[in-house]
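Visitor: Handing you this structure, nothing more for now.
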Amino acid sequence: MSRPTTIPLILAALLSFSAAAEVEQDALLSLQGKWEGHWRGQNLDSGDVSQTSVRVSIDLTEDGQWLEERITTPQAQFSQRVETVSPYRIIQQFEHAEYEQDRLLTGFHYVSDEVWILRFEFSANRQQRPVKVQQIWRRLPGAMSREEQVDYLDDKGENWLTRQTLVLEQLPAETP
């Protein structure tokens, strides 16, 4: 009886990884278009919850490496770029500042380009305390949501607090 060699196993693993990365990228690319809905967030200092309407336009950059998101609320406009391949950097651009954050993809459940869940995690500071941040992106036909939760690392145990939620419906594509 012969044993399988290591080389075919490594090749199979690399092909599997490559195929998975392509599916993740296809999932992110399915977000292109115009969206409308609401954002809801909690001020972690005061506990106050606010909600506002939001419009989002998502387009692929010319180089194909980033999704450019333009976000408009009645109070403000800002943009962010989401890298379409690992490490999934997100660059947020506000009027007076720009933030860049690598996000680790820790979960991906894929049914189709229009039905999937991505879970990202990263470390940050909130209220001068270290936190682990978890973002859950959900895609359904004609809809998407993003939820951000934080867990204060200096607390005992794991206690996820929902910080903000974005719920959007896709607008019909404009005809030329």
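The values are calculated or read from the model by the stated rules, or taken from the named source; none is laboratory data. Here the structure is a predicted model, which is why all the values come from computation and not from measurement. Glycine gets a Cβ as well: all are built from the backbone with ideal geometry, and neighbour counts include every protein chain shown. Calculation scope for accessible area: heavy atoms of the full protein, side chains included, ligands and nucleic acids excluded. Shrake-Rupley method; radii C 1.70, N 1.55, O 1.52, S 1.80 Å.
Visitor: Across the stretch 137-143, in residue order, what do the Karplus-derived ³J(HN,Hα) couplings come to in whole Hz, using 6.51 cos²θ - 1.76 cosθ + 1.60 with θ = phi - 60° and x for Gly and Pro?
Guide: Taking θ as phi minus 60°, the curve returns 9, 10, 10, 10, x, x, 8 Hz for the stretch 137-143.
Visitor: Then there's this: In the stretch 80-151, what is the volume of the convex hull around the alpha carbon atoms, normalised per residue and reported in Å³?
Guide: Here the figure is 105 Å³ per residue.
Visitor: Let me ask something additional. Give me a comma-separated list of calculated 3J(HN,Hα) values for the stretch 159-167, in order, Karplus coefficients 6.51, -1.76, 1.60 applied at θ = phi - 60°, integers in Hz, x for any Gly or Pro.
Guide: Values, residue by residue: 10, 7, 10, 6, 9, 7, 9, 10, 10 Hz.
Visitor: What are the ³J(HN,Hα) values, in whole Hz, obtained from phi via the Karplus relation 6.51 cos²θ - 1.76 cosθ + 1.60 with θ = phi - 60°, for each residue of the stretch 144-153 in sequence order, with x given for Gly and Pro?
Guide: Per-residue couplings from phi come out as 8, 9, 9, 10, 10, 10, 10, 10, 6, 6 Hz.
Visitor: Going by average Cβ neighbours within 10 Å, how do the peptides 103-113, 136-146 rank, with the highest at the top?
Guide: Output ranking for 103-113, 136-146: 136-146, 103-113.
Visitor: Express in Å², to the nearest 10, the accessible area of K34 obtained by rolling a 1.4 Å probe over the protein heavy atoms while all chains stay in place.
Guide: 80
Visitor: Please list the non-local residues whose amide H lies under 5 Å from the amide H of R89, H modeled 1.01 Å from N, same-chain partners needing a gap of 5 or more.
Guide: E83, R103
Visitor: Leaving out ligands, DNA and RNA but keeping every protein chain, what accessible area does T72 have, in Å² rounded to the nearest 10, with a 1.4 Å probe?
Guide: Here the residue's solvent-accessible area equals roughly 60 Å².
Visitor: Shape of the stretch 8-170 from its Cα gyration tensor (a ≥ b ≥ c, root eigenvalues): rounded if a/c is under 1.5, otherwise prolate when a/b > b/c, or oblate?
Guide: It is oblate, given that a/c is not under 1.5 and a/b is not larger than b/c.
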